[in-house]
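We did not get these values from a lab; they are worked out from the coordinates using the rules stated. Note that this is a predicted model, so its numbers are computed, not measured. Heads up, the Cβs are rebuilt from the backbone with ideal geometry, glycines too, and the neighbour counts pull from every protein chain shown.
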Amino acid sequence: MPEDPSFDSFRGLSAEPELYSTTPPPERIWSVSQVNSVIRKLIEDSVDALWVRGEVGNWRRYPSGHCYFSVKDDRSELRCVMFARDASALPTDPDDGMEVRIFGNLTLYEKRGAYQMSVRRLESEGAEGLWRIAFEKLRSQLEAEGLLDPSRKRPLPAYPAVVGVVTSTSGAALRDIISVLGRRAPWVRVLVRGTRVQGEGAAREIAEAIEDLVGTGEAEVIIVGRGGGSIEDLWAFNEEPVARAIAKSPVPVVSAVGHEVDVTISDLVADLRSPTPSAAAEAVVPDGVVIREELRHIPHQLSKGLRGILHHRKTMLDNALSRLGLRIERRVQPAQQVLDHDFGRLQNRIRGILDRGRQRLIGVEGKLDALSPLATLRRGYSVASTGDGQILKSVRNFVKGDSFTLRVSDGEVIAEAKEILAGEP
Amino acid sequence: MSETEQNSQEVDESTVEAPSLEERLRRLEEILSRLEQDDVALEEALELFEEGVGHVRDAERLLAETELRVQELLGSGDVEVMGLD
């Protein structure tokens, strides 16, 4: 018995078909393991890796990550195993009954002596079917939690000072984003948190990058994205960790996964979906040219406003003044009328008083005349006085040769005392 | 004024940042719409006008920035200027 059964020794046995007609002598007795080992080699060496189409049945995923299942058509069944390393690339487990195509090698599970296919790839027969199923599963789960509700979408800040970016530091996406931000809004600060965006564990890394950026408390809006690629390349953006990190972010997140046809879960959870990283950069910052243009008009608008207020104040003052004038006039007019009326009466009264006065004066004049020395004079008497008005009543008042004034009824006469003759007192 | 108030004011003065572009532009809109109203007192209108002109000047200065600052946030939490090719 050969210590190490080989394909050749096995073949040697089968090379003599005539021996089957009679039972051969038990010179070479094989162990079960030897048989299975030889068969395994035989199968593995003679059949190249191949694609097989069939319907999935009895899918089971073990805690180890290995998956066991079968594919069948209407007549036959093929046992399959997909080891954890390959199975982890599946977006989701296929449902039983799903039409799939599998790629791998035929082999033999020696322990059971059962031949099986070691599957390295499994795809749904429908275009992207498995991806679609995984997508729908997560989508409906997030939807049930309300995370896709349109009311959760927050508006982006109009003029962010700090923009956060989560993407690969070596990708074209970052260059595009920086170029657009630099052209539109060179005054902003860009905080980049580099991450792998595809491959095993990328989703977890992207989620951590978002959390790190959020943790700085500086980014006012975050762009999460990558350039275009196959659905497999983009898959991280359809995974739960990324979706949850976006949903949890306290600042708005713009999803920018470079593809236009399909929506990713990130797109659905994000506050805004952009078709490309460049478009995301355009969406998060205003265009400096436009702001400068708007600013250019503002001083004019300011002075227009101020002039308007000045004008309004002046009009108000004018109105107030003319209203005041009117009011004063209205208040004065009646008084004026009264005054005009009273003035007439006053005049009449004054005139009456004057007339009466004049009448009385005439009467008094008459009496005065009667009593006046003038009347005596008119009767032929005269009054002698010195030049300074001293009345000369006695001969003792006269000095011989002096002149004196003699007042008569219609004038004065200057006379001279020629002789002083004393008479009887 | 109490001592604590005095302290907080000092802290405010040293840490308060200049208004952001967004704050300036928002304030400008407020000022413009206030100046469109007729009931503004003359004194207030003049103050608003001066404040507005100041914001325009400062916003223009901010916009005159020509070089984008790009920094990389590292896994360690450090931030460093990003080398771009």
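Table for the structure above
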{"item": "Positive dipole terminus of the range A:7-126, leading residue within A:126, A:49, A:87 (C-beta point charges)", "result": "A:87"}
{"item": "Ellipticity estimate at 222 nm from DSSP helix runs (n ≥ 4, -39,500 (n - 2.57)) divided over chain A, nearest 500", "result": "-14500 deg cm²/dmol"}
{"item": "Full-extension gain in nm, residue A:294 to residue A:331, via 0.36 nm per residue minus C-alpha separation", "result": "7.9 nm"}
{"item": "Contour excess over end-to-end distance, with Cα ends at residue A:353 and residue A:74 and 0.36 nm allotted per residue", "result": "85.7 nm"}
{"item": "Lysines with Cα under 30 Å of residue A:400, excluding same-chain neighbours fewer than 8 positions away", "result": "A:418"}
{"item": "Lysines whose Cα lies under 29 Å from that of residue A:304, excluding same-chain neighbours fewer than 8 positions away", "result": "A:314"}
{"item": "Modelled FRET efficiency - R0 25 Å, residue A:151 with residue A:211, Cβ distances, 0.05 increments", "result": "0.55"}
{"item": "Rounded to 5, the percent of DSSP beta bridges in the protein assembly as shown classed as antiparallel", "result": "60 percent"}
{"item": "Inter-site label distance for residue A:248 and residue A:420 at 7 Å from Cα along Cβ, in nm", "result": "15.2 nm"}
{"item": "Residue A:263 versus residue A:140: modelled label distance in nm, points set 7 Å from Cα along the beta carbon direction", "result": "1.6 nm"}
{"item": "Estimated FRET transfer efficiency (residue B:64, residue A:319; beta-carbon r; R0 41 Å; 0.05)", "result": "0.35"}
{"item": "For the protein assembly as shown, fraction of C-alpha pairs farther apart than 33 Å, in %", "result": "70 percent"}
{"item": "Projected label distance in nm at residue A:361 and residue A:378, using a 7 Å step from Cα toward the beta-carbon", "result": "1.9 nm"}
{"item": "Distance from the range A:35-93 to the range A:276-308 (C-alpha centre basis), Å", "result": "63 Å"}
{"item": "Lysines whose Cα lies under 20 Å from that of residue A:153, excluding same-chain neighbours fewer than 8 positions away", "result": "A:248"}
{"item": "Efficiency of FRET between residue A:61 and residue A:23 - r from beta-carbon atoms, R0 30 angstrom, step 0.05", "result": "0.05"}
